[in-house]
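Read the structure below first, then the notes.
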Amino acid sequence: MSTKNSFIVGFMLFAMFFGAGNLIFPPGLGFVSGDYFWLAIAGFVLTGVGLPLIGVIAGSISKDGYVESLKVVHPVFAIIFMVAIYLTIGPFFAIPRTATTSYEMSVLPFMENAGALSLFIFSVIFFMIVFALSYRADSLTNSIGKILTPFLLVTIVALIIRAITLYFGADSAPLGEGFNTDSPFSVGFTEGYLTMDAIAAIAFSMVVLNSIRELGVNNRKDLLVGTVKSASIAAVLLGIIYVSLGWIGNKVSLTPEEIGDQNSGTFILTFVSDLAYGQFGMILLAAIVLLACLTTATGLIVSVSEYFHKVLPKISYEIFVVIFTLISFILANQGLEQVIQTSVPVLSILYPIAITSVILLFVTYFFTSPRLSFQVPVALVIVVSILSVVHRNAWLEMPWLENLPFFASSFEWIPFMIIGYVAGYLIGLRKEKIKYT
């Protein structure tokens, strides 16, 4: 694939992951990490940038992407896991977050005494527009998105450049209360879960594969090489933006009392926009974020509805649009912080499974392995991740889990992945090997 085409697909991939909702997490992490910022942001970039793009690359190993690859574990697992991913990046978390993020950045800064009623009214209007755009899926939303993404990018870059001139040489913000100074890297790593991009990569990897095929690349090796080139371009762009936004959050002169109940990331972006460009900067950022969130929400409703219609063809696409729009509307009225907090346990289960699946795809691609070497580690990681979330949230006390290696850093599933692969390999030596086509 030519360099020009690599950049075309790379920018498309960048646009897929560069969502307005994701902009709020780096400055929030920077604000609480104090002098531990660089370790924390390194962990965030690994999960918020590295894993999604590695996930896209891993999806190119099989000609039918993850839908086919995950059947190596079991066809039922493949369906359940993909359903869980689509619900997570769809009506349960990501879509409600687009509404609440746009509310906090486009309404709250310009209103006094805003509360549950204003959020309700805003979300009614927001999801009516989303429903109207989603009900009859066409190219309009994609076209708008292609226009808005460059505008959002230019606005953020201008904000970053101006903020660097304002805060260059400034001290780091004070360490946030409750920040784990023993494992700053793992704090950033798990914070990166909130972008949801690594699991979105599993759902959307086929889009990238099809885009590369449309450029005339069909050989499996060339597809893999083309995906690596494109993913690397997108990774560099995303990494620069996330690190820059995190740095701004780390230097901003605010107190927790000034932020109040609002999400720290949305407050910091609005505050810096005002400081950098005045009221015009706030209004411009608010307008672009609102429009970007509308198109993102519409795209997600369309994607999730199309997927479920494919799985359950007897239920029409339009019915799924109605169902998922209503669910998203109801959950959005919890408010942004509640939507984020509710998503944490689910993401803490899904991410280890997704990371394990991606790593095993690479390993079993380069080292022909028994099917059990994929099945056993995935099964162990599922069990350990669920038990760990149950214990950490005090739903059921299991103190013995805290004796597991790396539990304090939330990496207790890694030894089980490794042990599971070795055990599955040894047990299944004489059984069927995994072959990718």
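The values are calculated or read from the model by the stated rules, or taken from the named source; none is laboratory data. Note that the coordinates shown come from a computational prediction; the quantities given were computed from them, not determined experimentally. Ideal geometry is used to build each Cβ from the backbone, glycine not excepted, and the neighbour counts take in all protein chains shown. Each accessible area value is taken on the protein alone, full model and side chains, heavy atoms only, with ligands, DNA and RNA left out. Shrake-Rupley method; radii C 1.70, N 1.55, O 1.52, S 1.80 Å.
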| note | Result of the Cβ filter at 6 Å on the range 313-334, keeping first residues that are in contact (Cβ under 8 Å) with a residue 24 or more places away in the chain and under 15 Å from residue 134 (Cβ atoms) and partners that are aromatic (Phe, Trp, Tyr) and crowded, with 20+ Cβ neighbours inside 10 Å, at least 6 apart or interchain, is 325/127; 329/127
| Selection count where residues are in contact with a Phe, Trp or Tyr (Cβ under 9 Å, 6 or more places away or on another chain) and either outside any helix (DSSP H, G or I) or surrounded by fewer than 14 Cβ atoms within 10 Å (Cβ to Cβ) (or both), scope the range 106-123 | 2
| remark: Filter the range 229-248 for residues that are open to solvent by 60 Å² or more (accessible area, probe 1.4 Å) and of a type in the set (Val, Ile, Thr); the one that is modelled with the highest pLDDT is 240
| query | Just one of 58, 84 is open to solvent by less than 10 Å² (accessible area, probe 1.4 Å), farther than 25 Å from residue 152 by Cα and either among the small types (Gly, Ala, Ser) or within 17 Å of the chain's Cα centre (by Cα) (or both); which is it? | reply | 58
| query | Condition test on residue 412, is it buried (at least 20 other Cβ atoms within 10 Å of the Cβ) and either farther than 22 Å from residue 204 by Cα or in contact with a Cys (Cβ under 8 Å, 6 or more places away or on another chain) (or both)? | reply | yes
| request: Would you be able to tell me the number of residues in the range 29-57 that are closer than 23 Å to residue 299 by Cβ and either in contact with an Asp or Glu (Cβ under 7 Å, 6 or more places away or on another chain) or small (Gly, Ala, Ser) (or both)? | output: 3
| said: Go through the range 249-273 and report how many residues are β-branched (Val, Ile, Thr), open to solvent by less than 20 Å² (accessible area, probe 1.4 Å) and over 22 Å from residue 98 (Cβ atoms). | reply: 1
| query | Could you say which residue among 369, 388, 373 is at pLDDT 95 or above and either within 23 Å of the chain's Cα centre (by Cα) or surrounded by 17 or more Cβ atoms within 10 Å (Cβ to Cβ) (or both)? | reply | 388
| Would a scan of the range 392-404 turn up a residue that is among the small types (Gly, Ala, Ser) and over 27 Å from the mean Cα position of the chain (by Cα)? | no
| request: For residue 277, indicate whether it is in contact (Cβ under 8 Å) with a residue 60 or more places away in the chain and open to solvent by 40 Å² or more (accessible area, probe 1.4 Å). | output: yes
| said: I'd like to check which helices (runs of 4 or more DSSP H) are fully inside the range 34-98 and have at least 2 residues that are touching a Pro at 6+ places or on another chain (Cβ under 9 Å). | reply: 37-45
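Based on what the data block shows, is residue 318 assigned to a helix (DSSP H, G or I), acidic (Asp, Glu), under 30 Å from residue 82 (Cα atoms) and at pLDDT below 90?
Details: assigned to a helix (DSSP H, G or I): yes; acidic (Asp, Glu): yes; under 30 Å from residue 82 (Cα atoms): yes; at pLDDT below 90: no.
In short, no.
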| message | So residue 181 ticks every box in (1) open to solvent by less than 40 Å² (accessible area, probe 1.4 Å); (2) modelled with pLDDT of 80 or more; (3) polar (S, T, N, Q) but one. Which box is left unticked? | response | (1)
| said: Restricting to the range 159-168, give me the number of residues that are within 13 Å of residue 275 (Cβ to Cβ) and either open to solvent by 20 Å² or more (accessible area, probe 1.4 Å) or not in a helix (DSSP H, G or I) (or both). | reply: 4
| Of the residues in the range 328-351, how many are open to solvent by less than 50 Å² (accessible area, probe 1.4 Å), over 20 Å from residue 22 (Cβ atoms) and β-branched (Val, Ile, Thr)? | 1
